[in-house]
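Only one structure is covered here, and it is reproduced in the block below.
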Amino acid sequence: MGDNPNVYCDTRRADVNDDGFVNTVDLAMLGHHFLEPVPPPTPGYVDPMPTRLDQNRDGMINVIDVAMVGKHFLHDVHECH
């Protein structure tokens, strides 16, 4: 990945709130939407949050998404290469 912020690696994707670290805030955000379907995109607005919440892109926020974020827990997105 290098230093290009427009390219996502798994750790960057797991950083749900885009603060540079995968931490309890990211897990809490998943928990807040746990077992909810991914909200549809707002027309005319690019919102990465639903995509980041749904880590495996199956349309539902579930334990798989939590596990995928957990795999990168306490990692810094700058570790992406």
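What the table below lists for this structure:
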item	result
Matching residues, the stretch 51-81, being in contact (Cβ under 8 Å) with a residue 24 or more places away in the chain and small (Gly, Ala, Ser)	Gly70
Qualifying residues in the stretch 42-59 (those that are modelled with pLDDT under 75 and aliphatic (A, V, I, L, M)) - the one farthest from Gly31 (Cα to Cα)	Val46
Any hit, the stretch 4-18, residues being farther than 16 Å from Lys71 by Cβ, of a type outside the set (Asp, Glu), over 13 Å from the mean Cα position of the chain (by Cα) and at pLDDT 85 or above	no
Inter-residue pairs, beta-carbon under 8 Å, first closer than 12 Å to Leu74 by Cβ and in the stretch 8-33, second modelled with pLDDT under 90 and not in a helix (DSSP H, G or I), 6+ apart	Thr11/Cys80
Hits in the stretch 60-81 (condition: at pLDDT below 90 and not charged (D, E, K, R))	His78, Cys80, His81
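The values are calculated or read from the model by the stated rules, or taken from the named source; none is laboratory data. This is a predicted model, so every value here is computed, not measured. Cβ coordinates were reconstructed from backbone atoms using ideal geometry, including for glycine residues, and neighbour counts include every protein chain displayed.
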